[in-house]
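Asks: Can you keep this structure in mind? I'll have questions shortly.
Where a number appears in this text, it was derived from the coordinates with a stated rule and is not lab data. Bear in mind the structure is a predicted one, so any value in this text is a computation, not a measurement. With ideal geometry, Cβ positions are generated from the backbone for all residues, glycine too; neighbour counts draw on all protein chains shown.
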Amino acid sequence: MDWFPAIQAAAALAAFGLMVAALLVRPRHPAQIWLGGGLSLLAIESLCQWMSFRADTRDSMVLWQKVALLTGSVSAPIWLGFSLTFARGEPARFLSRWRWVLVGLGLMGIGVALAFYPVLILEVGPLPPPGNWYFRGHPVVRLVYTAMVVGAVLVLTQLEWTYRAAVGTGRWRIKYAVVGLGLLFGTRIYTGSQALLYAGPNFQLAMVNAAAVLVACGLVGLALYRSRLGGLDLYPSAVAIHRSLTILLSGVYLVVVGLLATWVTRAGGEYGFPMLAFLLLLAAVGLSVLWMSDRVRQRLRVFVSRHFRRPYYDYRQVWSRFAERTSARMDREELCREVSRLISETFEALSVSIWLLDSLRGRLLLAASTSLPAQQPRSVELGSCLAELASLATVPPQPVQLEEAKAGWCDVLRQVNPRFFTEGGPRWAVPLVSGNELVGFLVVGDRVAGMTYLPEDLELLTCLAEQLGSALRTLNLSEQLAQAREWEAFQAMSAFLVHDLKNTASTLSLMLRNLPLHFDKPEFREDAIRGLSRCAQHINELIGRLTALRSKPQVRLVPTRLAEVLRFALQDLGQPDGITVESRWPDLPLLLLDPAAVRSIVTNLLLNAREAITPPGRITLEVTVQEPWICLRVADTGCGMTPEFIERRLFRPFQTTKKNGLGIGMFQVRTLVELHGGRLEVQSQPGEGTVFRVWLPMTVADGVVHEAEPAHRG
């Protein structure tokens, strides 16, 4: 134990010197502050152990041991803070996420140590070899050592996550810091578990800690020179702790150390055990350095390449080139040209052709070729061979040697893909299949020097063909989807127009039914003439909108008197037999609305209400203002609707239960309401009627209010 003071003094000086260096590093990073704090605590702890060993009295020895224990109890949260900020981007986010863990470690460590300071050490005695002493305290002191061990495990976990997130030069720059701190806190786990077992440390454990501090300071100093601590912005994945390799190794380590400690105690070899454990830790660190070394891994790869068979193709490079050259190709022929060139370069095949299947016309279309001349026919009829192709889509694609195959489609491919070199070797064809659909064929031939296609070549060729087939099918589906969306837009717009025409026809039909009864009344004839004029004008407007069928529905907001729009909608409804129509709205200013759209909304709701009622019944149209909204309420006493119908079918286009309905009315209403920036609400119960509420933004036109008119009540 004579060299114990020298080790403690050297550890204190190394920690203090590294602390100064860490705080002087530029540019500044939060990890420097945490590292400086942790190193200062290590320096103080080592200094206290040195003072304790050199103390003249037992009381002085115990005093310095207590200060060392207090210093060690603060170390856990400080070093955990460093591990959360070391080489990480957005360090404040990690600290915030772990703030309660930091507080908990602090309370469990320094809090307990201060609260039970008088009983931190109750028993002191000598241990072999001469000069070694043990220090035991109250059982509650085990909480302090528990906090130290838990903190060391968490620090190792965070360092592992940081190391796993680093790649390339990033690992090179932080490797020695991770190894050095791994040694330091691996040692702390061992010494802390021993102190936890005996409720106190001894001078031998302190010596092991000091030796670990010396080695760790050297490695961290090297990492400090390489990376400046804050030169990386890593974002480690926050995987579950139970999956962490550090947690697993820490648990196994504690079990092994406990078993070894029990065995050594029983065998009477406690004197040499700390040094043996320290040598095992050094061996583990050396192995870690070897496995983390990029140079060692590179030499291992070279050894494998020299003494074991290496694949001919670098598959990673092939797939990277394939993805890079095809990812942005949205044109079918351009995609095929890129793939044909890539396959020609990869396999050194001079003739590569891609033929696409046109199953509707029963022919193959040439999409790309590296060898066929421009005058080559771009299509070939399959004839009776078309029936043979159905079986190719049901089995995994396999390369077929055209010289030996007897199938009719192989004969077609032989004719349209002639040989250009007699020594070019056999020609191969691979069906392009994706999703149980045959989309074409890939044909390769005229390989340089007539090289034979080995199983490895054919396997890679098949993989590339499968990828090409998937890409082609994706393009086909994208085109079909685009066409379907265009047709859907056309159907929606045309359905809107047809539905408006249907409402106009309903108005004319009602007028014709009343014509024989009221033709002699002058006021009826005047009203009929005005109604015919409005219908003709509305039809002309619809015809004018036919030119915009391919565009999305739009609304045109203009200053509008909502009262006039509502009156026109009520006139469109007419006076149904056996049904009472009530309407009321307040004085309203000019509002920014699309009058045609609002009239269509209200007319649809009123007509639906009329069709839902079996006379006698009542329809109510009411307008209320709830700034910044205006609410149009249409209620009826009709048959009502089930919640399932409202949820699943009411607003879906082309869904109707009416004999002559188009299933577009409510879909059109909701679309026009949403185009206004409003919302549509519906309440209904079977047999109790339905209430629709249309909420529209109440935007006053240029702040101008029209002249007040009497509030309407009908």
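Asks: With contacts defined as alpha carbon pairs under 8 Å and 6 or more residues apart, what's the relative contact order of region 322-477 in percent? Please report the intermediate quantities before stating the final value.
Replies: On the way: 259 pairs, mean separation 36.8, N = 156.
The normalised contact order for region 322-477 reaches 24 percent.
Asks: What ³J(HN,Hα) values, in whole Hz, does the Karplus curve 6.51 cos²θ - 1.76 cosθ + 1.60 give for region 507-523 when θ = phi - 60°, with x put for Gly and Pro?
Replies: Listing the rounded values in order: 5, 5, 5, 5, 5, 5, 5, 7, 4, x, 7, 10, 5, 6, 7, x, 5 Hz.
Asks: What percentage of all Cα-Cα pairs in region 400-460 are separated by more than 14 Å?
Replies: Values: 1066 of 1830 pairs.
Summing the P(r) of region 400-460 above 14 Å gives 58 percent of all pairs.
Asks: I would also like to ask the following. Viscosity 1.567 mPa s, temperature 4 °C: Stokes-Einstein D of region 554-713 from its Kirkwood Cα radius, in µm² per second? Before the final figure, lay out each step's value.
Replies: Numbers: Rh = 16.2 Å.
Taking Rh from Cα pairs, D becomes 80 µm²/s.
Asks: Which three semi-axes in whole Å describe the equivalent ellipsoid of region 322-477, each the square root of 5 times a Cα gyration tensor eigenvalue, listed largest first?
Replies: Numbers: eigenvalues 85, 71, 49 Å².
Gyration-tensor ellipsoid for region 322-477: 21, 19, 16 Å.
Asks: Please order S369, S96, S353 by the number of other Cβ within 10 Å, starting at the fewest. Show your work: numbers first, answer last.
Replies: Numbers: S369 21, S96 11, S353 24.
Arranged by neighbour count, lowest to highest, S369, S96, S353 become S96, S369, S353.
Asks: Residue by residue through region 638-647, what is 3J(HN,Hα) from phi via Karplus (6.51 cos²θ - 1.76 cosθ + 1.60, θ = phi - 60°)? Round to whole Hz and write x for glycine and proline.
Replies: x, 6, x, 9, 7, x, 5, 5, 4, 6
Asks: Please compute one quarter of the surface area of the Cα convex hull for region 1-122 and express it in square nanometres.
Replies: So the Cα hull casts an average projection of 8.5 nm².
Asks: Amide H of N132 versus every other amide H placed in the peptide plane: which residues, excluding those fewer than 5 positions away on the same chain, fall under 5 Å?
Replies: Here L127 satisfy the definition.
Asks: Take L35, L41, L127, L573 and order them by how many other Cβ atoms sit within 10 Å, fewest up front. Display every interim value, and only then the final one.
Replies: Working: L35 29, L41 20, L127 14, L573 24.
Final ranking by Cβ density, sparse to dense: L127, L41, L573, L35.
Asks: Given just the C-alpha atoms of region 103-158, how large is their convex hull per residue in cubic angstrom? Can you show the working numbers first?
Replies: Values: hull volume 5.2 nm³, N = 56.
About 93 Å³ per residue, rounded to a whole number.
Asks: Moving on to the next point. Just order 106-112, 118-124 by mean Cβ neighbour count inside 10 Å, highest at the front, would you? Mind showing how you got there, number by number?
Replies: Details: 106-112: 19.0, 118-124: 15.6.
Descending mean neighbour count gives 106-112, 118-124.
Asks: Hey, if you put +1 on the Cβ of every Lys and Arg and -1 on every Asp and Glu Cβ in region 322-477, which of L432, L372, T422 ends up farthest toward the positive end of that dipole?
Replies: Final value for the positive-end residue is L372.
Asks: Each residue of region 392-399 in order: what ³J(HN,Hα) in whole Hz does its phi give by Karplus 6.51 cos²θ - 1.76 cosθ + 1.60, θ = phi - 60°, with x for Gly and Pro?
Replies: Values per residue, Gly and Pro as x: 5, 7, 9, 10, x, x, 10, x Hz.
Asks: Which residues' amide hydrogens lie under 5 Å from the amide hydrogen of L402, considering only partners 5 or more residues apart or on another chain, with H built in the peptide plane?
Replies: Correct list: R427, W428, A429.
Asks: Then there is this: Would you mind estimating how fast region 141-220 diffuses translationally, via Stokes-Einstein at 10 °C and 1.306 mPa s with the Kirkwood radius over Cα pairs, in µm²/s?
Replies: Details: Rh = 13.3 Å.
Answer from the Stokes-Einstein relation: 120 µm²/s.
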